[in-house]
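Here the structure comes first, spelled out in C-alpha cells, and everything after it is commentary.
Bear in mind that the values in this text are calculations on the coordinates, not laboratory data. This one's a predicted model, so the numbers in the text were calculated from it and none came from an experiment. Note that each Cβ is placed from the backbone with ideal geometry, even for glycine, and that neighbours are counted across all protein chains shown.
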Amino acid sequence: MAKQIFAAEVSHESAPLRIREKLAGNDESVKRVISKLRSKVDEVFVLSTCNRFVVYAVSENINPIVNFFLEDAEVFRYVQFYKNTQASVNHLFATASGLCSQVTGEHQILTQIKHSHQLSMECGGVGLWLDNVLRESIRIGKKVRTQTGIDKFCSSVVDAGFSLLYDKFENIYERNFLVIGTGKIARLALGYLQHEGIQNVVIASHDIERSRDLALQYNVQAISIDKISTYFHEADVIIGGTHHEVSLCPKSTGTCTRFETKLTPEKKRVILDFGMPRNFDDKLRFHPGISLYNLDDLKALSASPLDVFGGVEEAWRMVSAETKEFLNVIHQLEMAPILAAYWTRLVNLKDQQLGWLLPKLESASDRDVQLIKRYAHKLIRSISREPLKNLRALAGDTQATATVEVVKNLYDFQHVKLNLSNN
C-alpha cells in the first residue's frame with residue numbers, strides 16, 4: 001500500500017472552547033504527542049494553537065491517527081479527518097494562508113507553523129515528505145496574502161479584539177489597561193498598545209521577573225499577580241493572555257464578596273480573554289458593567305470585508321492550484337525512493353556530527369544550541385537542493401537507468417529500488 005499524508009483536526013470551526021481546552025498544551029505536551037505517534041507512522045507533525053490542534057502524518061493508512069483521537073470519546077466527536085494526500089495538503093496550505101483562522105488572513109499562524117515545524121524536527125518527527133510540504137506551506141501562505149491582500153484588515157486575533165475596543169470607547173488613549181501574562185499573546189497586546197501610543201498600561205504575571213523585563217521593554221508598569229484585584233477595579237480594559245485561570249479574589253480574604261461589591265455597573269469594563277484555557281470565569285459576562293469576549297466570541301469579527309469583492313474566493317483558488325502543483329512533487333517522491341535515502345543519509349550525518357559537537361560546547365546556552373541545530377538543518381538543505389532537484393528529474397525518465405546506477409554506486413544505495421519505466 002502506497003504512503004499518503006493524512007491529517008486530523010479539532011478546531012474553532014466545529015469544536016467548542018471546552019473541547020479545544022482539553023487538547024491545548026505547551027511545547028512539552030506537543031513533544032509527547034509526537035513521540036507517541038512517531039513509532040506508529042513514518043513522519044508526524046503537530047500544530048497546536050489556541051484555535052486548533054492538528055496532526056499530520058505520513059503513513060500507509062490513517063488508523064494510527066484515528067486511534068490516537070479515540071482515546072477521548074468526547075473529543076473524537078469533533079475531529080475532522082483528511083483521508084488522502086490532496087485533502088491534507090490543501091488543508092495545510094489553506095491554514096498557512098489564514099483562510100481557516102478565526103480572523104481571515106491573520107499572520108500569526110505562519111509563525112506558529114514555523115515553530116511547530118522546528119519542534120517536530122527536534123523530535124525526529126519530520127522527514128522528507130513533511131519537511132517539503134511544510135516549507136511550501138509557508139511560501140504559499142505569504143504568496144496568497146501578497147496577491148490577494150486578505151491580511152490587510154485584521155492580522156491577528158489581538159488585532160480583532162482591539163478593533164472592538166475602538167467601537168466600545170470614545171477615547172481609547174485615556175483608558176487604563178491591565179495585561180495579564182508574559183507569553184505571545186501578552187507581547188502582541190503590549191506591542192499593539194505601544195504602537196498606538198497608549199501609556200496607561202499595567203502588566204501582571206505569576207513570573208514577576210519576566211513581567212518586569214517586559215515592563216522595561218514596553219515602558220509600562222509591572223505588578224505581582226497577587227495585586228491583580230486592585231488593578232482590575234481601576235482598569236477599563238483587561239487582557240488575558242496567560243495559560244492559567246486568573247483568580248480575582250484577594251488571597252488574604254479568601255472570598256470574592258468584597259471584590260464583587262466594588263464592580264459597580266456605572267464603570268464599564270471590557271475583558272478580552274485570549275487565554276487557552278480561558279483566563280476568566282464566564283459568569284463575569286453577566287455583570288452589568290462588564291463586556292467579556294473570549295476566543296469563540298471573536299468569530300463574529302472574523303468576516304473579512306474582502307469577502308465582498310472576492311479576495312477570499314481568489315485566495316481559495318490559489319490554494320487549490322498550488323495544491324495540485326505540489327502533488328507533482330509528492331508523486332516524484334513516491335516514484336523516487338532514492339530521494340528519501342539521500343535525504344536520510346544527510347540527516348543522519350547531521351545528527352552524528354551534532355552528537356559529537358554539542359557535548360563539547362559546555363558553555364553554550366539553550367538558545368545557542370537551538371541556533372546551531374537550525375543552522376545545521378539549513379546547511380544540509382542548501383547542500384541537497386540541486387542534487388534533489390536533479391534526482392527528481394530522473395523519476396519516470398525511461399532513459400535514466402544508467403545515470404541512476406551511477407548515483408546508486410556513488411552513494412552506496414544499491415539496496416534502493418527506483419521505479420523507472422522501461423516501456
Separation between the ALA87 and SER320 pseudo-spin-labels, each 7 Å from Cα along Cα→Cβ, expressed in nm? 1.7 nm
Simple spin-label estimate for VAL369/ASP213, 7 Å along Cα→Cβ, in nm, reads 1.8 nm
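Please go through region 53-90 and write out the GluC sites (Glu not before Pro) that DSSP classes as loop and that have at most 14 other C-beta atoms within 10 Å.
Details: sites: GLU60, GLU71, GLU74; in loops: GLU60, GLU71.
The qualifying sites are GLU60, GLU71.
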What does a probe at TYR173 reach in region 193-215, counting residues whose amide N is under 13 Å from the point 7 Å along Cα→Cβ? 195-200
How charged is the neighbourhood of GLY275? Take every other residue with its Cβ under 10 Å from the Cβ of GLY275, and add Lys/Arg as +1 and Asp/Glu as -1. -2
Just to check I understand the Karplus step: with θ = phi - 60° and J = 6.51 cos²θ - 1.76 cosθ + 1.60, what whole-Hz values come out for region 235-244, glycine and proline as x? 7, 9, 10, 10, 10, x, x, 10, 9, 10
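Once you have the Cα-Cα distance between GLU13 and ASN348, take 0.36 nm times their residue separation minus that, and quote the gain in nm to one decimal.
Additional length available on full extension: 116.6 nm.
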For region 35-144, which trypsin sites (Lys or Arg not before Pro) pass both filters: DSSP loop (anything but H, G, I, E, B) and at most 12 other C-beta atoms within 10 Å? ARG77
Most exposed first, judged by fewest Cβ atoms within 10 angstrom, ASP159, ASP281, ASP167 run ASP167, ASP281, ASP159
Just list whichever of LYS114/LYS142; LYS3/LYS114; LYS114/LYS143; LYS168/LYS267; LYS184/LYS267; LYS114/LYS373 have alpha carbons separated by over 19 Å in the model shown. LYS3/LYS114; LYS184/LYS267
